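Taken together, the values in this text are just the output of simple stated rules run on the coordinates, not laboratory data. Values in this document were obtained by computation on a predicted structure and should not be read as measured data. Heads up, the Cβs are rebuilt from the backbone with ideal geometry, glycines too, and the neighbour counts pull from every protein chain shown.
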Protein chains: 2
Amino acid sequence: MNYYTISQLAEQFDISTRTIRYYEERGLISPIRTESGQRLYTKKDRAVLKLILRGKRFGFSLEEIHEMISLFDNDRTGRKQLEKTIAYGEQKLKEVTERIEDLMQLKQEMESILADFRERLQKLEGIE
Amino acid sequence: MNYYTISQLAEQFDISTRTIRYYEERGLISPIRTESGQRLYTKKDRAVLKLILRGKRFGFSLEEIHEMISLFDNDRTGRKQLEKTIAYGEQKLKEVTERIEDLMQLKQEMESILADFRERLQKLEGIE
DNA sequence: ATTGACTTTTACGTAAACGTAAACTAAAAT
DNA sequence: ATTTTAGTTTACGTTTACGTAAAAGTCAAT
């Protein structure tokens with residue numbers, strides 16, 4: 001296995017090292033350390049970071065993202081745990097679905113407004 | 001035409017009056033005033049407020065929302081203005097479309113993870 | 001007319017999500 | 001060997017999006 005340094009990841013995702021350390025502060029990511037204390041990130045850590053950034057783009061808070069990440073934790077073996085996780089996942093899935101529908105409606109509206117503007121432009125060009 | 005008071009709108013959207021005044025501070029909404037200085041909101045102001053809140057749910061910043069609202073400004077009569085507005089609108093539309101696609105991918109992933117968890121649960125229940 | 005609910009401005013406070021600087025150590029390059 | 005460059009912690013600063021409180025004016029109801 002090979003590792004990434006913090007600045008490599010920062011460059012790859014175009015974020016600051018401070019941001020990555022901050023995510024660690026908040027418990028979202030947990031890189032291993034070298035003897036001297038340097039952080040080393042695995043592919044999995046990288047994937048988690050990717051998830052975080054995607055979540056952010058969707059307007060989820062770090063706290064929400066934190067919860068969602070725990071969905072991917074494979075340590076949930078017990079039946080009760082599994083059931084809770086599934087219930088939580090179903091709820092989050094519903095939220096995402098609603099958000100998609102909302103966005104699609106917004107898209108529709110923007111398209112109709114644009115169509116209206118284009119029509120106006122046409123008329124203006126007809127005069128000239 | 002009839003008007004809404006600030007607290008009426010606040011109640012309707014379940015937000016604080018401070019929030020509404022803050023949107024005004026930032027130039028997102030511009031209610032008229034009574035002689036004594038009270039704010040009065042028209043249906044149109046209400047619609048703008050609705051837009052703002054929806055934008056927020058999508059994770060747009062107030063600054064971005066501000067720009068998007070200007071799309072709905074009907075004061076853009078000049079041809080150049082119209083062209084600029086259309087170009088801006090097309091770009092925003094693209095962003096929204098990308099966001100939808102991104103979200104749909106997330107949805108897929110969540111569904112497959114959930115399917116996996118459900119399968120595990122089934123196996124656990126088979127044992128018992 | 002007076003109580004109480006509502007509104008106004010001004011202004012300081014706050015949580016989230018980092019930015020930035022200092023002071024220091026380790027690694028890499030010359 | 002010694003500069004650079006990259007990394008660490010600690011800690012204070014900053015922006016966004018409001019919350020909250022004070023002081024004063026206004027509207028609605030009894």
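Explain nothing, just the number: relative contact order of chain B, from Cα pairs under 8 Å at least 6 residues apart, as a whole percent.
16 percent
R0 = 30 Å: FRET efficiency of A:E125 with B:E95, Cβ-based, nearest 0.05?
0.65
Specify the angular offset, from 0 to 90 degrees and rounded to the nearest 10, of the alpha carbon long axis of helix A:43-57 from the longest principal axis of the alpha carbons in chain A.
That helix lies at roughly 30 degrees to the long axis.
For segment B:48-128, would you read off the P(r) tail past 14 Å as a percentage of all alpha carbon pairs?
Here the tail beyond 14 Å accounts for 74 percent of pairs.
How big, in percent, is the set of alpha carbon pairs in the protein assembly as shown lying more than 23 Å apart?
66 percent
Would you mind listing the distances between the A:Q91 label point and the same position in each other copy? Use 7 Å along Cα-to-C-beta, nm, one decimal, shortest first.
When each copy's label point is compared with this one, the spacings are 3.9 nm.
With +1 on the Cβ of every Lys and Arg and -1 on the Cβ of every Asp and Glu, and nothing else charged, how large is the dipole of chain B about its Cα centre, in debye rounded to the nearest 20?
Around 660 debye, computed over chain B.
Within straight cross-link reach of B:K56, meaning Cα distance under 24 Å, which lysines are found once same-chain residues fewer than 8 apart are removed?
Qualifying lysines at Cα under 24 Å: A:K50, A:K56, A:K92, A:K94, A:K107, B:K43, B:K44, B:K92, B:K94, B:K107.
Hey, got the average number of other protein chain Cβ atoms within 10 angstrom for residues in B:44-54?
1
Among A:I113, A:Q91, A:G126, whose Cα lies farthest out toward the positive end of the dipole of segment A:74-127, if unit charges sit on the beta carbon of Lys, Arg (+1) and Asp, Glu (-1)?
A:Q91
Take peptide A:96-108, look around each residue's Cβ out to 10 angstrom, count Cβ atoms belonging to other protein chains, and average those counts.
What the average comes to for A:96-108 is 5.
Taking 7 Å along the Cα-to-C-beta vector as the label spot, tell me the A:R26-A:K80 distance in nanometres, rounded to one decimal.
3.0 nm
How tilted is helix B:79-127 with respect to the longest principal axis of chain B? Cα atoms for both, answer in degrees (0 to 90, nearest 10).
Helix B:79-127 sits roughly 30 degrees off the main axis of chain B.
Given R₀ = 25 Å, what would the calculated FRET efficiency be for B:R18 paired with B:E67, taking r from the Cβ atoms and rounding to 0.05?
Efficiency, rounded to the nearest 0.05: 0.60.
About its Cα centre, how strong a charge dipole does segment A:74-127 have in debye, to the nearest 20, once Lys and Arg get +1 and Asp and Glu get -1 at the Cβ?
With only Lys, Arg, Asp and Glu charged at Cβ, the dipole is about 360 debye.
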